[in-house]
Amino acid sequence: MHRASTAAATAGEQPIEPSIDPSIEAPIDLLHLFRMTLGDHALRREVLALFDRQAGMLIARMETVDPPSVAALAHTLKGSARGVGAWPLARAAAAVEAAAPAELAPALAALAAAAAAAHAAIVEILRAA
């Protein structure tokens with residue numbers, strides 16, 4: 001158990017970690033996002049809007065570049081997704097980053113689906129805020 005998990009367990013809280021069951025996992029971990037934006041709703045809106053725009057641009061760019069460049073773009077998207085708590089999207093980006101050329105098309109399709117789910121969640125979050 002890492003230090004943050006130990007401290008959270010000691011304080012009686014659940015550690016912040018992505019779910020391992022994608023069927024029950026939200027596209028955006030709101031608790032993680034809340035903590036990353038220090039509870040600032042305006043900052044949360046700005047971060048989500050920027051992330052949504054960046055994710056769309058990176059995925060669109062992946063369709064036009066060679067496989068090594070796709071991996072680099074996926075790596076960037078993975079880090080950004082982790083920052084906002086978009087765990088399913090981060091895992092899908094990691095799969096694209098690690099995909100062999102023969103596995104790239106299905107990995108990109110899964111990434112597009114995860115990005116669409118994250119986008120829909122972001123639209124709802126921004127609408128409600």
Expressed in nanometres to one decimal, the distance between label points 7 Å along Cα→Cβ at Thr64 and His41 is 3.8
Can you sort Phe34, Phe51 by how many other beta carbons sit within 10 Å, fewest first? Phe34, Phe51
Fewest-first ranking of Ser69, Ser80, using other Cβ atoms within 10 Å as the exposure measure: Ser69, Ser80
For the range 27-128, what is the charge dipole size about the Cα centre, in debye to the nearest 20, if Lys and Arg each add +1 at the Cβ and Asp and Glu each add -1 at the Cβ? 260
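Under 15 Å from the Cβ of Arg45, count the other residues' Cβ atoms, weight Lys and Arg +1, Asp and Glu -1, and hand me the total.
With Lys, Arg at +1 and Asp, Glu at -1, the net is -1.
May I ask you to compute the full-extension gain from Ala113 to Ala129, defined as 0.36 nm times their residue separation minus their alpha-carbon distance, rounded to one decimal in nm? Numbers along the way, then the final one.
Details: separation 16, 0.36 × 16 = 5.76 nm, distance 2.45 nm.
Taking Ala113 through Ala129 to full extension adds about 3.3 nm, to one decimal.
What is the fewest-to-most order of Glu25, Glu124 by other Cβ atoms lying within 10 Å of their Cβ? Write down the numbers at each step before the final one.
Numbers: Glu25 15, Glu124 12.
With the sparsest Cβ surroundings first, the list reads Glu124, Glu25.
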So for the range 27-128, using the alpha carbon gyration tensor with a ≥ b ≥ c as root eigenvalues (a/c under 1.5 gives rounded; past that, a/b versus b/c decides prolate or oblate), I'd call it prolate
Quick one: Karplus J couplings for the range 119-129, per residue in order, coefficients 6.51, -1.76, 1.60, θ = phi - 60°, nearest Hz, x for Gly and Pro? 4, 4, 5, 5, 4, 5, 4, 5, 5, 6, 7
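We did not get these values from a lab; they are worked out from the coordinates using the rules stated. Please read these numbers as outputs of a predicted model, since none were measured by experiment. Note that we place each Cβ from the backbone using ideal geometry, even for glycine, and neighbour counts take in every protein chain shown.
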